[in-house]
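Below is one structure; the comments refer to it alone.
The values are calculated or read from the model by the stated rules, or taken from the named source; none is laboratory data. Bear in mind the structure is a predicted one, so any value in this text is a computation, not a measurement. Note: ideal-geometry Cβ built from the backbone for every residue, glycine included; neighbour counts use all protein chains shown.
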Amino acid sequence: MIEGKDLVKKYGSFLAADHLTLTLNMGESIVLLGANGSGKSTLISMLALIMQPTSGEVTVDGLKGKAAKEKIAYAPQDVVLFEELTVTENLYAWSSLKGAENKARAEYLIAELDMTAFQKKRVDRLSGGQRRRVNLAVALMGNYSYILLDEPLAGIDEYGATCIESLLKKEKSRGCGILLTEHNPTILMPLMDRKLKLDGGRFIE
């Protein structure tokens, strides 16, 4: 279980997260909804252990620090890739896996996200939607129990979204907990067990 307790994030006098508490269980899927500036990205970043809260605590299966972070696959809104490397090289470069397991996982994700046609291309020669798919694949190159995705369908066409939906269904069926953010209901909504809406750094009805 990922458990965020009484999370607060302040930037000077601005309160981006106002005493938020959320739990994500393995095998559960949750979508965070809200407009820009509502606190979605702040909350998911804290739960992914990327951003330090001003106060409050995050634990992952009772763990903290590096051991907790290793249980999470996280893809931010911003594409963070090695531009001069190919798709396959990026998957290997960012992976925490080794040997045959590393190769098998890369091949699986390339197939699932339909990246075979451009797997040998450099990232700086890909379209925006292709780069987004690579960004997601890179995040999933590891042994994790939870998947946290910030706006995973931003800049993705309908076909790419369908590939992502299929992949996440498989990850959920094997017991992964999934938390993602979206502006509006999307193709991924039927996959979600719960939806939570944020406004002004707080959960609203």
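Spot the failing condition for V60; the list is (1) farther than 18 Å from L24 by Cβ; (2) modelled with pLDDT of 95 or more; (3) buried (at least 16 other Cβ atoms within 10 Å of the Cβ), and only one is missed. Status for V60: all satisfied but (1). Just so you know, in the stretch 175-191 the residues that are assigned to a loop (DSSP other than H, G, I, E, B) and modelled with pLDDT of 95 or more include one that is farthest from the chain's Cα centre (by Cα), and it is G175.
Listed conditions (1) in contact (Cβ under 8 Å) with a residue 40 or more places away in the chain; (2) among the charged types (D, E, K, R); (3) in contact with a helix residue (DSSP H, G or I) (Cβ under 7 Å, 6 or more places away or on another chain) are all met by R133, apart from (1). One residue stands out among those in the stretch 119-173 that are of a type in the set (V, I, T) and surrounded by 20 or more Cβ atoms within 10 Å (Cβ to Cβ): the one that is nearest to T59 (Cα to Cα), which is I147. Checking G34, G27, G62 one by one, the residue that is under 15 Å from D150 (Cβ atoms) and either in contact with a Pro (Cβ under 8 Å, 6 or more places away or on another chain) or not hydroxyl-bearing (S, T, Y) (or both) is G34 and no other. Kindly evaluate A104 against the criterion of being under 21 Å from S145 (Cβ atoms), within 20 Å of the chain's Cα centre (by Cα) and of a type in the set (A, V, I, L, M). In short, no.
Is it true that D150 is within 24 Å of G34 (Cβ to Cβ), acidic (D, E) and more than 13 Å from the chain's Cα centre (by Cα)? Even if it seems obvious, please write down each step before you answer.
On the way: within 24 Å of G34 (Cβ to Cβ): yes; acidic (D, E): yes; more than 13 Å from the chain's Cα centre (by Cα): no.
For D150, the condition - within 24 Å of G34 (Cβ to Cβ), acidic (D, E) and more than 13 Å from the chain's Cα centre (by Cα) - is not met.
For the subset of the stretch 1-21 comprising residues that are out of contact with any Ser or Thr (no Cβ under 8 Å at 6 or more places or on another chain), in a strand (DSSP E or B) and not charged (D, E, K, R), which member is surrounded by the most Cβ atoms within 10 Å (Cβ to Cβ)? Lay out the reasoning, then the answer.
Going through the stretch 1-21, the residues out of contact with any Ser or Thr (no Cβ under 8 Å at 6 or more places or on another chain) turn out to be 11-15, 18-21.
After this cut, where a residue has to be in a strand (DSSP E or B) as well, the list is 11, 14-15, 18-21.
With not charged (D, E, K, R) added as a condition, the list becomes 11, 14-15, 19-21.
Working: Y11: 9, F14: 9, L15: 17, H19: 14, L20: 24, T21: 11.
Selected residue: L20.
Out of D61, D114, report the one residue that is among the acidic types (D, E) and under 21 Å from T186 (Cα atoms). Walk me through how you get there before you give the answer.
On the way: D61 fails: under 21 Å from T186 (Cα atoms).
So the residue among D61, D114 that is among the acidic types (D, E) and under 21 Å from T186 (Cα atoms) is D114.
Just name the residue that is farthest from K9 (Cα to Cα) out of those in the stretch 22-66 that are assigned to a loop (DSSP other than H, G, I, E, B) and of a type in the set (V, I, T). The qualifying residue farthest from K9 (Cα to Cα) is I50.
If you go through the stretch 24-33 one residue at a time, do you hit one that is small (G, A, S) and within 18 Å of the chain's Cα centre (by Cα)? Scanning the stretch 24-33, I find at least one residue that is small (G, A, S) and within 18 Å of the chain's Cα centre (by Cα), so the answer is yes. If the condition is being in contact with a strand residue (DSSP E or B) (Cβ under 9 Å, 6 or more places away or on another chain) and more than 27 Å from D18 (Cβ to Cβ), then the stretch 42-69 contributes only A67.
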